[in-house]
Amino acid sequence: MRLGGGDLEERLAECSRLFDETGDVARCLALYPELSEELTTRLDVIGSLSAMKPPEAPSASQSSSRRVLLSSLAAEGQKRRGIMGGLAIGRVAGALAVLTLLAAGAMGAGAASGGVNSPGLVNDVLSAVGITEHAENHGSDVSESVQEAIEATEPGPERGIAVSEAACEAAHDRSTLPAGAQNAPGQEDREPKDCAHPNADGTPGAGEGAGKPESAGKPEATGKPESTGKPESAGVPACPPARAAQGAC
Amino acid sequence: MSVDSVGGVAPPIEEEAALVKRAKAGDTSVWSDWHDQCYPLLYRYAYSRLNKHEDAEDVASQVFLEAIKAIGRYRYSGRPILAWFYGIARHLVSRRRREAGKTAPIADVEQLSIHPAPHDEDVILSNILVRTAMERLKPEHRELLTLRFLLDLSAREVAALLGKKEAAIYSLQVRALGALRREIPDDSWHFL
């Protein structure tokens, strides 16, 4: 007997529930005798399904799986601890990397802008990281002095001398150096550098290179130990008279 | 084994939430308990779908390894933890069946020969008929019949596993049995 529609489904569902409760179809058939054939067929299907029940898990399989689980848990725990340790190291390394990048970026930005005002940002970074508490803008003072000398003179040899002197004076002005550099051992009572150009009066050859025009404006060569082999600034004598008087060179 | 008998599967929500928290912290005792309680059912589920002991063993064991990896992302919603394990097992079984393709056995002949029935040939034929018909069912119907009649779970237990109401399970069961019956050829009914 075939019944159709949602009504059948509801009645069969009700029968299933009753069957679960009582373990037989008697109550269901008492309620719905018309479902007899339908129920018999379904019980056959259920019987066939029940005959296919899988076996129980062998205890050896379960024990083996348990061992795998525990070793996997241990490995996972080690991995987690490793990650936490790595994160801590990574944080420190990351902070250092950021700091380095910031400093390098500041210096790069300074270089790209022609050096003007570049030390300001570097100083800020250095101050921020505690390397120096305060640093005057030493580099920008030099460039400003040079700029002023250029603006105050006409093109020609005079400008060269003026620029040279201005650069020398600004570069050796220790008052704009960081406090640490000013108070470094042996620097406290140091005399200011004499930046007077030997040709400032317009006469060539007042310095060590006098009578040797080929050496004028060039780094001092060997045979002049005063120079220590290091190049001096263009137009600046190897040993300025004031220092020569002190026997410093 | 039923879901109710799985001690850690259907405890009060607060209790199970605490267990989940401990499991996330790597508490081996929680994992051991879950394993001991759930492994048998997961093995039997996998066996009923894969018809091979080795595969069932692999899947049941793999469920816990996958769970260990995923527990960090798991959000406890009040459903039994077995439901989560069952979901993983279902996924692993599906993947294994896809990989096996048509080589997946319809029935474990070795198993059938270990447990001979009074009318062996009829039982084997019936088994093959029903399994073949089961494969043609919608996954939802197949899962329901597997859980209800192969694993012997109650409607309430299945409802908990599938996240449905008990009444819905009975309705689904009626439709699933009707669909299975239609998949079995009329001239084969005498084997059932």
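Bear in mind that the values in this text are calculations on the coordinates, not laboratory data. Computed from a predicted model, the values in this text were never measured in an experiment. Methodologically, a virtual Cβ is constructed for each residue, glycine included, from the backbone with ideal geometry; neighbour enumeration extends over all protein chains shown.
Overview of values
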read-out: For region B:1-105: rounded, prolate or oblate by the Cα gyration tensor [a/c cutoff 1.5]; value: prolate
read-out: Shielding score for A:143-152, defined as the mean number of other chain Cβ atoms within 10 Å; value: 0
read-out: Positive-pole candidate from B:His35, B:Leu92, B:Ile13, dipole of region B:1-105, charges at beta carbon; value: B:Leu92
read-out: Packing-based order for B:80-91, B:129-140, using average beta carbon neighbours within 10 Å, highest first; value: B:80-91, B:129-140
read-out: 10 Å Cβ neighbours from other chains, averaged over peptide A:17-23; value: 2
read-out: Number of partner chain Cβ atoms within 10 Å, mean per residue of B:21-33; value: 2
read-out: Dimensionless Rg ratio for region A:5-50, taking C-alpha atoms and the 2.2 N^0.38 Å reference; value: 1.07
read-out: Over 19 Å between alpha carbons, listed pairs B:Lys21/B:Lys164; B:Lys69/B:Lys165; B:Lys69/B:Lys164; B:Lys24/B:Lys69; value: B:Lys21/B:Lys164; B:Lys69/B:Lys165; B:Lys69/B:Lys164
